[in-house]
Each structure stands twice: as structure tokens, then as C-alpha cells.
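First comes the structure, then the notes that go with it.
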Amino acid sequence: MTDVFENYLSSIGGLSAEEITFAEKFFKPISLKKGDFFIREDEPCRYIGFVASGSVKAYATDKEGRENITCFKFENEFATSFPEFMAQEKSRRSIRAIEDSIIYKISYLDYQYLLGQLAALNEVIKLVMEQEYIQKERYMLNYNNKSAVDKYLHVLSSEPILVQRVTTQDLASYLGLTQRSLTRAKGQIHRPSIL
């Protein structure tokens, strides 16, 4: 298994080297090309994935077929539709690669087995769930009911990785803007000041 995943588990603490080696055996690597699906909306949510390289977006599709992006996941983050994974239901959103990616996935049955074998892994899962909650809260606080300029300024200061690695179209969807509004906001921010 990749050193990236091993380093991630080591950095969290609580797991011995033997436990990390044991846990790694249950995560299977898959390669996704840009545009490939990890999870499809309306299909059973069978896996949690650890993003070792690349990135993915999570989104639901509206009645008009537009993607409403809810988050992006990059290296050293877990990706799944957590409520549906835990309940083993159909996913309410898709997770799709926005760059060529390597993801280490674990099935629900292996996940349950592993939790039963490694009590310390519960702390890892707790941390992942807390990070998910914090990410959703920050999103609500920073991107709801704000102007396009304020949203883009926040991205520049707090989430610059999005500007560097996400297309304007995807970033606009994530911010709840049209692509045109986002482009206009960028222009207002980056316009040279005239003396």
C-alpha cells in the first residue's frame, strides 16, 4: 500500500505499526481517470475511499441535470456519501474524479469487520466524521447569503487549493453561482486599481 495512507494513519496516532499494517490489507487501490465515478447517485453506496492522489467532487444532480457540488476531496481525505454508506442505502450524490486519482477503497463489510478488530480505528473514524461536520458548517457559514465577491474572496483566503485545482465551472457550482457571476467577481477582485 502507498506510504501516503500509512503516513496518514500514523499521523493521527492511536494505532500501532502492526495495526496500521493490518488495516491497510482491507483497503484496495483503484485508479480513476478524470471524469470516472467513484460513487454514482441512486446506486448503493458500498465504499469509503481514501484519496491517495488526485481529487474528487461530490454533487447531486437537479431536475434540469445541473450538478450541485457540495464538496471537493483532495489527498489525505476520505470520500463517500457517509449517511448512505452507514445505512447501506442508495447514494443521494455522485463522487467523481476531477483529476486522475488513486483511491484506496474499503467495502462496508470489511469496514465493519475492521472496526470490530481494531478499537483504536474508531478514533480515526470519529476524526473523519468531525472533519466532515466542520467542513459542512464552514460551507454553510462562509458561502450562504454572501455576494459573489465575498464568496470568491473567502475561497482565495481560506481555500486557495480550489482556485488552483478546480475548474471555474465546478467552483461556481460549489459556491452556488453561475459561471458568469464568478468570472465577474474574479474580474472585480483582480482588476488593477486606477490612481
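The values are calculated or read from the model by the stated rules, or taken from the named source; none is laboratory data. Since the structure is predicted, the reported quantities are computational estimates derived from the model, not experimental observations. For neighbour counting, all protein chains shown are included, and Cβ atoms are generated from backbone atoms with ideal geometry for every residue, glycine included. Note: areas computed on protein heavy atoms with side chains; ligands, DNA, RNA excluded. Shrake-Rupley method; radii C 1.70, N 1.55, O 1.52, S 1.80 Å.
Roughly how big is the chain's charge dipole about its Cα centre, with Cβ charges of +1 (Lys, Arg) and -1 (Asp, Glu), in debye to the nearest 20?
Once rounded to the nearest 20, the dipole reads 1000 debye.
Going from most exposed to least, what order do 137, 159 have by accessible area with a 1.4 Å probe? All intermediate terms of the calculation are to be shown ahead of the outcome.
On the way: 137 80, 159 50 Å².
So the residues, ranked largest to smallest area, are 137, 159.
Sticking to Cα atoms, compute the Rg of the chain to one decimal and its Dmax as the biggest Cα-Cα distance, whole number, in Å.
18.3, 67
With only alpha-carbon pairs counted, each pair once and no self-pairs, how large is the Kirkwood hydrodynamic radius of the range 104-177 in angstroms? Could the numbers behind the result be given before it?
Values: mean 1/r = 0.0676 Å⁻¹.
So the Kirkwood estimate lands at 14.8 Å.
Using the heavy atoms of the protein chains and a 1.4 angstrom probe, tell me the accessible area per residue for the chain in square angstrom.
Working: 10970 Å² over 195 residues.
That works out to 56 Å² for each residue.
Ratio of alpha-carbon Rg to the 2.2 N^0.38 Å globular estimate for the range 1-71, to two decimals, please.
1.40
Which residue, chosen from 53, 70, 39, occupies the Cα position most advanced towards the positive end of the dipole of the range 35-75, where the dipole is computed from +1 (Lys, Arg) and -1 (Asp, Glu) charges on Cβ about the Cα centre?
Looking along the dipole axis, the top candidate is 53.
Quick check on my link table: of 57/105; 126/151; 25/105; 33/105; 25/73; 33/136, which ones sit more than 18 Å apart, alpha carbon to alpha carbon?
Table pairs above 18 Å Cα-Cα are 126/151; 25/73; 33/136.
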